[in-house]
Amino acid sequence: LLLQVLRKDFVLPDFQEFTGELAAIFERCRANTEGRVANCIPQLARADPTRWGAAVCTVDGQRAGFGDHQVPFCLQSVSKPLNYALAMTEAGSDRVHQFVGYEPSGISFNSIALNSENKPHNPMINSGAIAVCSLLARGQRLADRFDYVLRQYLRMSAGERLGFSNSTFLSERESSDRNYAIGYYMRENGCFPPDTDLRETLDFYLQLCALEATCDSAAVIAATLANGGVCPLTGDPVLSAEAVRDTLSLMHSCGLYDYSGQFAFKCGLPAKSGVSGAILLVIPGLMGIALWSPPLDRQGNSCRGIQFCRELVARFSLHNF
Ligand code: DON
């Protein structure tokens, strides 16, 4: 087995049987009709609550999809760990953490609050993600920065389907008083590098939230994180191993809003959710899983998605500890 791993022709055994079990869990979650679709962004409020998709991609490239796994959805906050991983790869940890901390905030993801060093608490909440966006591909024109990030996401997804929902971007920008307030508060407190164009930074942040994926393409991205930053389908080393380690650590401690501690306790896996109902779940060294269903629980996580994670960990011993 070790030689197979070293020769890179290792194949996870029993994948067929595993996907059979996943299909059963998936169907049980479909019956869950709890939760409400997010209403904070007008375009997202129109989402169909019956949508339910899941996909898995292993580090040796085996794949499976369930339900609406080919239907595009906005990444929303699922873009936050990806942007952080890119910034860490590109600019390094010292530079990034000059502007953002790595401690759970214990307060809502869109709070106007900074830590005792006047930095956003972590990159998985809006303030921290806005700080990360101010660093990404810095020095280029906004159009080129957007192209750059999309290109990097495509390297993570092996070129598989990604898109951009302009209507979501426009409608969110119109109703983003809170993010503007966070941005101005951060600027007042010296949270950005000098000469940061705040409006451009907020546009960039909101545009990356409006990027679209399918469960299929997002599962490949999750598998790139599970595989130390190397896309398992292409062998492309998109992200540095250190950046991925730090990203997964923060997903583990801060990835699911005010449910992060409970999720770390009960599921013991790094994950990140978004208000669109997406969840990116990483099983380090094994596989990436993408889940999408718009109805959210009170903490803002997809009801079906959380049930799926909990049943998965109950059925297979995937908890880190
Ligand atoms: O900025 C916002 O509030 C949304 N674009 C994203 C919110 C989200 O998905 C969760 N944030 N951690």
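Report the far tail of the P(r) of segment 200-321, meaning the percent of Cα-Cα pairs longer than 21 Å. It works out to 38 percent of all Cα pairs.
In a simple Cβ point-charge model (Lys, Arg +1; Asp, Glu -1; nothing else charged), segment 140-225 has a dipole of about 160 debye relative to its Cα centre. Between A241 and Q70, the simple spin-label model (points 7 angstrom out along Cα→Cβ) gives 3.8 nm.
Name the residue farthest towards the positive end of the dipole of the chain from the options F204, C309, L162, assuming +1 on Cβ of Lys and Arg, -1 on Cβ of Asp and Glu, about the Cα centre. So the residue we want is C309. Restriction of the trypsin sites (Lys or Arg not before Pro) in segment 66-165 to DSSP coil positions whose beta-carbon has at most 10 other beta-carbons within 10 angstrom yields R141.
In the chain, helices alone account for a calculated mean residue ellipticity at 222 nm of -13500 deg cm²/dmol, with every DSSP H run of four or more residues adding -39,500 (n - 2.57). Hey, what angle do you get for helix 79-91 against the long axis of the chain, alpha-carbon based, 0 to 90 degrees rounded to 10? Once rounded, the angle reads 70 degrees.
The dipole here belongs to the chain: it is taken about the Cα centre, uses +1 on the Cβ of Lys and Arg and -1 on the Cβ of Asp and Glu, and is about 240 debye. Would segment 1-116 count as rounded, prolate or oblate if I go by the C-alpha gyration tensor, calling it rounded below 1.5 in a/c and otherwise prolate when a/b exceeds b/c, oblate otherwise? Verdict is oblate for segment 1-116. If the Kirkwood radius is taken over C-alpha pairs of segment 92-212, then at 25 °C and 0.890 mPa s the Stokes-Einstein diffusion coefficient equals 165 µm²/s. Report the normalised scattering of segment 130-177 as log10 I(q)/I(0) at q = 0.13, 0.26, 0.30, 0.32 Å⁻¹, calculated by the Debye formula with identical scatterers on the alpha carbons. These q points yield log10 I(q)/I(0) values of -0.39, -1.07, -1.06, -1.06. Among the trypsin sites (Lys or Arg not before Pro) found in segment 246-321, those both in a DSSP coil and sparsely packed, with 14 or fewer other Cβ atoms within 10 Å of their Cβ, are R298.
The distance linking segment 197-274 with segment 104-171 is 11 Å (Cα centroid to Cα centroid, whole angstrom). If R₀ is 56 angstrom, what is the calculated FRET efficiency for the pair R36 and V11, using the beta carbon separation as r and rounding to 0.05? My answer for the efficiency is 0.85. Our summary of shape: the Cα atoms of segment 2-315 have principal axis extents of 55, 45, 34 Å, ordered from largest down, in whole angstrom.
Read-outs throughout are calculated quantities, based only on the coordinates presented, and are distinct from any laboratory measurement. The model shown is predicted, which means the values in this text are computed figures rather than measured ones. Every residue, glycine among them, receives a Cβ derived from its backbone with ideal geometry; neighbour counts consider all protein chains shown.
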